[in-house]
Amino acid sequence: MGTRNYIFEESYYKDHSWPRLLSEDERMEAMLYVLHHMRKMVAQINGKLMVVFIPNYLMEKMSDAPFELFRASQKNNFDLICLKEGLLKCEDQGVPISIVGDGHISREIHRLIAEKVAEIL
């Protein structure tokens, strides 16, 4: 999976002015809170929320979108795109997932996201 960058490791945040890492439950609560308010804002303009979940591709194993996110998408009627399978496929085909030395997603992955969004629109 290529070299990993220390800045994306948990230990970086423990060492660099981060009071503490949020627990899994706190992260889920924060995510659901933000999604609730995003959905309300989108509803005010008669739109529909779409969420693209990009797994942490810098770790050894990519994870699926959290179950709570899938459940929230069904309960609150917003579209959810999980990129795990697409990223794994790109990785298997040798398509660069991130910009070397930078960590941000590559042009090819931006294109993949655009294609997935276009399929729903």
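The values are calculated or read from the model by the stated rules, or taken from the named source; none is laboratory data. If you're wondering where the values come from, they're calculated on a predicted model, not measured in any experiment. Note: ideal-geometry Cβ built from the backbone for every residue, glycine included; neighbour counts use all protein chains shown.
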Open item on the list: Which residue is farthest from Asp64 (Cα to Cα), if the candidates are limited to segment 97-121 and must be among the β-branched types (Val, Ile, Thr) and outside any strand (DSSP E or B)?
Closed with: Val100
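Got a number for residues in segment 54-69 being surrounded by 13 or more Cβ atoms within 10 Å (Cβ to Cβ) and either out of contact with any Cys (no Cβ under 7 Å at 6 or more places or on another chain) or touching a residue at least 24 places away in the same chain (Cβ under 8 Å) (or both)?
9
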Task: Leu87 being farther than 23 Å from Val34 by Cα, in contact with a Phe, Trp or Tyr (Cβ under 9 Å, 6 or more places away or on another chain) and of a type outside the set (Phe, Trp, Tyr) - done: yes
Open item on the list: Given the criteria exposed (fewer than 11 other Cβ atoms within 10 Å of the Cβ), of a type in the set (Gly, Ala, Ser) and either under 13 Å from the mean Cα position of the chain (by Cα) or at pLDDT 90 or above (or both), does Gly86 qualify?
Closed with: no
Task: Those residues of segment 70-83 which are surrounded by 13 or more Cβ atoms within 10 Å (Cβ to Cβ) and either among the aromatic types (Phe, Trp, Tyr) or over 21 Å from Ile105 (Cβ atoms) (or both), in sequence order - done: Phe70, Ala72, Ser73, Asn76, Phe78
